[in-house]
Structure formats: structure tokens, C-alpha cells
1. Which of (1) out of contact with any Leu (no Cβ under 6 Å at 6 or more places or on another chain); (2) open to solvent by less than 20 Å² (accessible area, probe 1.4 Å); (3) at pLDDT below 90 is the odd one out, the single condition residue 429 does not satisfy?
2. Before we move on, is residue 217 in contact with a Gly (Cβ under 7 Å, 6 or more places away or on another chain) and outside any loop (DSSP other than H, G, I, E, B)?
3. Specify which of the listed residues (396, 416) is buried (at least 24 other Cβ atoms within 10 Å of the Cβ) and in contact with an Asp or Glu (Cβ under 6 Å, 6 or more places away or on another chain).
4. So residue 307 ticks every box in (1) surrounded by fewer than 19 Cβ atoms within 10 Å (Cβ to Cβ); (2) at pLDDT below 85; (3) not acidic (Asp, Glu) but one. Which box is left unticked?
5. Any idea which of (1) of a type outside the set (A, V, I, L, M, F, W, C); (2) assigned to a helix (DSSP H, G or I); (3) in contact with a helix residue (DSSP H, G or I) (Cβ under 7 Å, 6 or more places away or on another chain) is the one residue 513 doesn't satisfy?
6. Do we find a residue being open to solvent by 10 Å² or more (accessible area, probe 1.4 Å), of a type in the set (Lys, Arg) and within 27 Å of residue 400 (Cβ to Cβ) anywhere in the stretch 365-379?
7. Could you say which residue among 577, 497 is part of a helix (DSSP H, G or I), over 32 Å from the mean Cα position of the chain (by Cα) and farther than 25 Å from residue 340 by Cα?
8. Looking at 546, 537, which one is more than 17 Å from residue 439 (Cβ to Cβ) and without any contact (Cβ under 8 Å) to a residue 24 or more places away in the chain?
Amino acid sequence: MRVTFAELKRRNVFRVALAFVVTAWLLLQVADVVLNNIQAPRWVFQSILLVLAIGFPVALIFSWVYEVTPEGIRKEKDVDRSASITAATARKLDLVTIGLLVTAIAFFGLDRFLVFTGAGDSPVAATPEVTGVLDNSIAVLPFVNMSDDAENEYFSDGLSEELLNGLVRNGGLKVTGRTSSFAFKNQNTDLREIGRVLNVAHVLEGSVRKSQNRVRITAQLVKTADGYHVWSDTFDRELDDVFAIQQEIATHVTRVLHGAILGETTPAQSDVPSAGAYEEYLRGMYVLQQNLDDRAGLMKAREHFARALELEPDYVDGFWGMFKTWDRWHRNGHGSFEESAEQMAMYAAELERLAPGSEQALIANARSATVYGKLLPAYEILEDAAKRFPGSSEVLARYGDQSRSVARYEAGITALREAIRLDPLSLENMSFMASILHRADDCDGIEDILNRALDLNANAGRVRYHQAMCIYENGGNAEQALAIVGTEPVPFLRDTAIAILKHRLGDPLAAQRHVESMLMAYGDNSAYQFAQIHAQWGETSKALDWLETAHRVHDPGLMQINTDDLLDPLRDEPRFARLIDASGLRLDF
């Protein structure tokens with residue numbers, strides 16, 4: 001054994017092993033940071049790890065069999081012992097290993113005490129530095145699905161979202177919105193970095209293992225400043241008890257965060273449906289969140305919510321899910337506007353019956369009032385909701401968006417700033433902000449929002465449209481506006497802007513071609529956009545015809561009729577005044 005050990009030492013096998021381990025560790029740390037921030041697939045890192053694992057024994061065998069000589073690499077058995085330079089090689093390996101260790105220690109220090117940020121679509125790279133972290137601020141990260149069945153992802157995601165909603169309803173916490181929290185799903189990002197990006201003092205994270213009718217949930221509350229675990233627990237329950245688990249976790253978190261500030265408070269109780277109804281609700285929300293605007297996805301989500309309501313006819317969250325699908329259906333012009341408006345009103349009434357004053361009921365009532373032209377009542381409902389739920393990014397965003405329709409720009413911009421602070425990675429919140437800044441003629445503000453949105457997602461919709469039309473409406477360069485809107489991903493907005501701008505630039509034939517393509521694609525569901533186009537073309541009678549059509553089909557575009565500069569050429573027309581009165585949309589500024 002002594003001979004073998006001595007020979008291993010003489011041939012520098014131990015030194016090669018140490019140098020390889022240090023090098024491999026350093027490579028893996030660098031790869032973890034770089035690949036994580038460019039959002040490379042997980043298999044890339046796994047491939048690097050596999051190559052290094054295979055390379056380790058290969059390196060050891062190579063160092064045993066071969067020796068470095070002044071004439072090159074030769075088999076050890078062919079080298080004269082008196083001419084061997086293994087001692088010199090050993091000294092070089094020692095220096096290399098020391099250098100690598102110093103580099104590794106320096107890298108560890110940087111990783112521990114500084115912030116690494118990525119580029120491109122990384123949520124870390126896209127978010128500006130924010131300050132003033134509140135002690136009662138928290139983000140609920142998506143719980144990790146530890147179940148054998150990958151399809152149980154809907155359950156872990158749904159549980160995370162329900163915990164988030166429960167903390168929001170408490171009223172005393174500043175809770176990061178779902179969009180921003182879920183942006184870190186499968187990212188393996190340091191919790192301190194998540195705290196910096198989301199501007200929160202605490203993070204709630206955990207895992208879910210579901211098997212048949214049993215579920216194990218592990219949750220932990222962590223301070224983002226130092227990674228300190230404030231509270232953690234594991235819950236083993238029957239699936240029927242999952243609602244109690246949510247309540248228990250939310251209660252623990254609230255008490256830990258606010259015992260000294262708010263006293264021993266508990267989140268608002270929600271209805272407790274059967275396990276089957278709850279599972280259908282979670283499946284519906286999972287499908288809905290994959291793509292809020294996809295027609296097929298909305299229909300599939302609606303099927304799950306309908307089954308939940310069959311099992312539990314008075315299930316509040318089931319009605320909320322149905323309302324959300326019809327709201328998105330209406331916004332996107334799928335089918336008849338009148339049908340979707342009627343469905344929204346029906347589900348809003350059910351939410352008011354079952355949960356009056358709740359976040360869901362207030363939002364639903366306001367949205368339903370809006371689609372029926374009751375702009376000021378809807379604004380007042382959301383103004384009240386914003387006071388009741390100051391920690392809800394969704395309430396604040398809806399309030400900010402509604403403020404645009406009634407020209408309460410200052411209040412809306414303030415609400416949307418807070419909504420974006422609570423949910424800094426939400427593209428929808430950014431589009432709402434761009435819209436109200438457009439109405440307030442703040443083109444520079446929209447440019448800032450546009451840059452932030454494009455950093456998050458190069459296909460971010462609606463913001464380019466608002467930037468281009470703000471420039472155009474404020475006497476800017478029409479060619480510049482056309483260049484901006486040419487890459488707008490929302491087709492009907494892009495075509496509307498191009499038709500207006502092409503006409504302004506002296507190309508009426510190209511403008512007309514865009515209108516004809518819109519007629520074929522959307523028909524009466526773009527009646528409001530056709531009114532905008534013809535108003536800007538100076539064709540007053542056609543513009544008014546289309547506005548009357550928009551009123552007849554309940555086009556949601558009419559909600560901006562009071563503040564839309566594109567319709568200014570029509571405002572002195574008697575038909576325009578009669579239409580506003582008939583629709584109940586007149587506002588006294």
C-alpha cells in the first residue's frame with residue numbers, strides 16, 4: 001500500500017485530482033450564474049456536470065499512465081526515472097491549484113456579497129433598482145411540485161396563488177402580484193436577489209407532494225436581506241384539509257410579520273368547497289394563466305370552473321374564475337360582445353350575493369358596470385376597492401386603468417405606480433400605465449415604460465401602440481410613429497395605427513388596404529377602431545356610422561370615447577352628442 005501511495009504521489013495523481021476538483025467547482029459556479037441569467041435550458045448545466053464527472057476518472061488515469069516531458073507527453077513506462085521532471089511538474093500544479101483556489105474564493109465572495117444580473121429576457125436584468133423595502137412586504141414564490149406526476153403542477157401553482165390571495169385579503173400586507181412572483185418559477189435564483197428585484201423584505205416558498213388523496217406541504221418564510229429562516233413547517237393532511245392548511249400557513253405568516261404592527265390578525269376566511277370542486281378550480285386557473293387571451297384556453301378553463309360549480313353551486317372562487325374567462329373573452333372580442341357582457345353581469349351578481357365587499361366582487365361589479373357604460377360608478381367602486389385592498393396589485397391596476405376612462409389621470413398614475421411596485425414584472429400593468437400616460441400626453445413616460453416592457457419581453461403588446469400614437473397626437477413625426485408601431489404585436493391596434501399614419505403620410509391606398517384587411521379579420525368587432533380611422537381621415541359621416549355600430553354591438557372601445565384624441569374631429573357633430581347621451585357615457589369635466 002505504501003508503494004502504491006508513494007507512486008501515486010510521485011506521478012502527481014493526487015495533485016491532478018485536486019486541481020481537477022477545484023477547476024470543476026469553479027466552472028460549475030460560473031456556469032450556474034451565466035446559464036441561469038440567460039435562462040438556458042436545465043439540460044445545458046446537467047450536460048456540463050456530466051462531462052466533468054466523466055472527465056475526472058479520465059484525468060486520473062491519464063496522470064497515472066502518461067508523463068509530461070521536455071519532448072512532450074509520453075507513457076510513464078517509457079520515461080527514464082533519472083530524466084523524469086515530475087517534481088517540476090508538481091510545483092507547477094501546486095501553483096495552478098493555488099491560483100484556482102484564490103479565484104474560487106474571490107468568486108465565492110462576489111457571489112455572496114454582490115449582485116449578479118443577467119441580460120435579455122431575464123426578470124432580474126429587466127427591473128430597475130428600487131429602494132424603501134417595507135417590513136410588511138412579501139412575495140409568495142410558486143411552490144415546487146415534488147409529486148411523481150408532473151401534471152400535478154396545477155396543484156402546486158394553484159396552492160401558491162391561493163396563499164398569495166389570502167395574504168392580500170388580510171389588508172395589512174404588501175404582497176407582490178402573481179406575475180412577478182411566478183416569473184422566478186424554476187429559476188433557482190438567490191432569495192436575496194429576488195428580494196432586490198421585487199423590493200420585498202420576505203419571501204414565502206415551499207414544496208408540495210401530492211399522492212392520491214394525501215398531500216404534504218412544506219412552507220418556509222425567509223428574510224431576503226440575509227436569508228434568515230423566520231418560520232417553517234411541514235403539513236401532512238388528507239386532500240380535504242388543504243383549505244385548512246392554506247389558512248394555517250397564511251395565519252402563521254401574518255402573525256410573524258405583523259404581530260407587533262397589526263396585532264394577532266388572521267386572514268379573511270374564504271369558502272371551503274369539496275376537494276373535487278377545489279381541484280377543478282385549480283385546474284381552471286392553471287389553464288387560464290397560461291394565456292389569458294387564447295380563445296381555446298379560455299374555453300377549456302371555463303369548463304373546469306363550470307364543473308367546480310356543479311360540485312359546489314355557491315363556490316365563490318368558481319364564480320370568480322367564470323367571471324375572469326368572460327372578462328378576457330369580452331376584451332379580446334371573441335364572439336358577441338353582448339353575450340360576454342351579459343355573462344359578466346350574471347357572475348358579478350353572484351359574487352356580490354356570496355361575497356359582498358370582497359376583492360373579487362368589487363372588481364367584477366366595476367368591470368360589469370364599465371362594459372354597460374357606467375364609467376363613473378365603476379370608477380367609484382374601484383376607488384373604494386383601492387382603499388380596502390391597498391396591497392392588491394390587481395385592484396390598484398384596475399383602478400388606475402378605470403381612471404383613464406374618466407380623465408382622473410393623476411389618481412390613476414399614482415395607483416398604477418403602486419401596482420407596478422407590487423408587481424414589477426407585470427406586462428399588463430405596464431400596458432395600463434402606457435395607456436393612461438398616452439391620455440395624459442406624457443410620451444417620455446411611455447418611452448420609459450416601453451423600454452422596461454421590452455426588456456422583459458420583446459413581444460410585449462400594446463405599449464408600442466400607445467407610444468406611437470402619443471407621438472402622432474402631439475404633433476410629432478408621423479414616420480417615427482410608423483416605425484415604432486410597425487412591430488406592435490397586437491394586430492388590430494397595429495393595423496389601426498398604420499391606417500391612420502399611412503394616410504397622414506400621403507399613401508391613402510396603403511391605408512385603405514389595411515382597413516380592408518381589418519374588415520375581413522374582425523368585422524363589426526373593430527367598429528370603434530374604424531371610427532378612429534375615418535375620423536382621422538376626415539370622413540366624419542363614416543366615422544359616426546361606425547361609432548353607432550360600436551354602440552349597437554357593445555364594443556368595449558367606447559369606454560374611452562370621452563378622452564380619445566383621435567375622435568376630436570367628431571366632437572362638434574350633433575350625431576356625436578346624441579350617441580354619447582344615448583349610450584350614457586357623457587361625462588362633465
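The values are calculated or read from the model by the stated rules, or taken from the named source; none is laboratory data. Here the structure is a predicted model, which is why all the values come from computation and not from measurement. Here Cβ is always computed from backbone atoms with ideal geometry, including for glycine, and neighbour counts include all displayed protein chains. Each accessible area value is taken on the protein alone, full model and side chains, heavy atoms only, with ligands, DNA and RNA left out. Shrake-Rupley method; radii C 1.70, N 1.55, O 1.52, S 1.80 Å.
1. (3)
2. yes
3. 396
4. (2) is the only condition that residue 307 fails.
5. It fails just one condition, (3).
6. yes
7. 577
8. One residue alone meets the criteria, 546.
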